[in-house]
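*Asks:* Input: one structure, supplied below.
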Amino acid sequence: MIPTITAQDTLREVVFKVCTALHETGIKAVLTGGAAAAFYAPEAAQSRDADFIASWYSLQREFDETMRLLGYIKSGRIYRHPMSMFTIDFPDVEIRIGQSFIQEFDTIREGELLLHILSPLHVVCDRLASFYWFDDRSALKAAVAVAKLQHVALWEVEEWSKQHGELENYQEFAMRVGL
């Protein structure tokens, strides 16, 4: 059964509905980016779009039909819904943060719905990647918020930053987190 997207749905409700509908057709879509940060730190991080990483090319017909049944209309690479202010994007088929390919993700269930999402650790690294390479200060703020509100092994964030040549920029993050 395809869930209904309504004008009253929050971003959280939309991503659960989209992920569940795709999952039921055999497509694993993992929430990343700012929407994943907003999931883990809703008071500090905001997003009006949801980026999912999904390998759906082998199930193109099922993917297109599911998005249509959800009510989404494709506009370039972005999917828009006439009843929702939140857009959906599928920017890639592999989860990669910098040069690191990510194989694991979390699955969260709420009643009949589910959400595949990056772990808090990977969300912090993902947001830091936007800060490091695009000077996105809002991404830094989101990384700090997630790190403060969720259990994140900060030594792994430091190691990831070091592997990507960003130890100097990591210091600003560490200072804001309170290290």
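No value in this document is a laboratory result; all are computed from the given coordinates. All values reported here derive from a predicted model rather than from experimental measurement. Cβ sites come from the backbone with ideal geometry, for glycine too, and all protein chains shown count toward neighbours.
*Asks:* If you bin the C-alpha pair distances of the chain every 10 Å from 0, what whole percents do you get?
*Replies:* Going from the shortest bin to the longest, the percentages are 10, 39, 33, 16, 3.
*Asks:* Here is a follow-up. Which whole-number percentage describes the relative contact order of the chain, with Cα contacts under 8 Å and a sequence gap of 6 or more? Show your work: numbers first, answer last.
*Replies:* Working: 293 pairs, mean separation 39.4, N = 179.
This gives 22 percent for the chain.
*Asks:* Among the lysines, select those whose C-alpha is under 21 Å from the C-alpha of Lys162, and discard any that sit fewer than 8 residues away in the same chain.
*Replies:* Lys141, Lys148
*Asks:* How large is the direction-averaged shadow of the alpha-carbon convex hull of the range 110-179, in nm²?
*Replies:* 5.1
*Asks:* From the backbone phi of the range 134-144, what are the Karplus-calculated ³J(HN,Hα) couplings (6.51 cos²θ - 1.76 cosθ + 1.60, θ = phi - 60°) in whole Hz, Gly and Pro given as x?
*Replies:* Result, ordered by residue: 10, 6, 7, 5, 5, 5, 4, 4, 5, 4, 5 Hz.
*Asks:* Between the range 60-82 and the range 152-166, what is the separation of their alpha carbon centroids in Å?
*Replies:* 36
*Asks:* Here is a further query. Hey, got the dipole for the range 30-98? About the Cα centre, +1 on K and R Cβ, -1 on D and E Cβ, debye to the nearest 20?
*Replies:* On the way: 7 positive and 9 negative charges, 41 e Å.
Magnitude of the dipole: close to 200 debye.
*Asks:* If packing is taken as the mean number of other Cβ atoms within 10 Å per residue, what is the order of 116-124, 171-179, highest first? Could you put the intermediate results ahead of the total?
*Replies:* Numbers: 116-124: 23.6, 171-179: 14.4.
In decreasing order of mean packing, 116-124, 171-179 become 116-124, 171-179.
*Asks:* With N residues in the range 22-64, what two-decimal value do you get for its Cα radius of gyration over 2.2 N^0.38 Å?
*Replies:* Working: Rg = 12.6 Å, N = 43, 2.2 N^0.38 = 9.2 Å.
Rg over 2.2 N^0.38 Å, computed on Cα atoms: 1.38.
*Asks:* Summing +1 for each Lys or Arg and -1 for each Asp or Glu, what net charge is found among the other residues whose Cβ lies under 12 Å from the Cβ of Leu22?
*Replies:* Combined, the nearby Lys, Arg, Asp and Glu give -2.
*Asks:* Mind checking which lysines have their C-alpha under 22 Å from Lys17, skipping anything on the same chain fewer than 8 residues away?
*Replies:* Lys28, Lys74
*Asks:* Explain nothing, just compute: Karplus ³J(HN,Hα) = 6.51 cos²θ - 1.76 cosθ + 1.60, θ = phi - 60°, for every residue of the range 27-44 in order, whole Hz, x for Gly and Pro.
*Replies:* Along the range 27-44, the couplings run 9, 8, 10, 10, 6, 9, x, x, 5, 5, 5, 5, 5, 7, 9, x, 7, 9 Hz.
*Asks:* Sorting check: for 10-17, 105-112, which peptide has the highest mean count of neighbouring beta carbons within 10 Å, and how do the rest follow? It would help to have the intermediate numbers written out before the result.
*Replies:* On the way: 10-17: 19.8, 105-112: 12.0.
In decreasing order of mean packing, 10-17, 105-112 become 10-17, 105-112.
*Asks:* How charged is the neighbourhood of Pro120? Take every other residue with its Cβ under 14 Å from the Cβ of Pro120, and add Lys/Arg as +1 and Asp/Glu as -1. List each step's numbers first, then the result.
*Replies:* Values: positive: Arg127, Lys148; negative: Glu104, Asp106, Asp126, Glu156.
With Lys, Arg at +1 and Asp, Glu at -1, the net is -2.
*Asks:* Contact order normalised by length for the range 16-96, with contacts defined as Cα pairs under 8 Å and 6 or more residues apart; what percent is it?
*Replies:* Values: 119 pairs, mean separation 23.5, N = 81.
Taking the mean separation of contacting Cα pairs over the length of the range 16-96, I get 29 percent.
*Asks:* Another one. What net charge is computed for the residues neighbouring Gly33, neighbours being all others with C-beta under 9 Å from the C-beta of Gly33, Lys and Arg scored +1, Asp and Glu -1? Walk me through the numbers on the way to the answer.
*Replies:* Working: positive: Arg127; negative: Asp49, Asp51, Asp89, Asp126.
Charge balance near Gly33 sits at -3.
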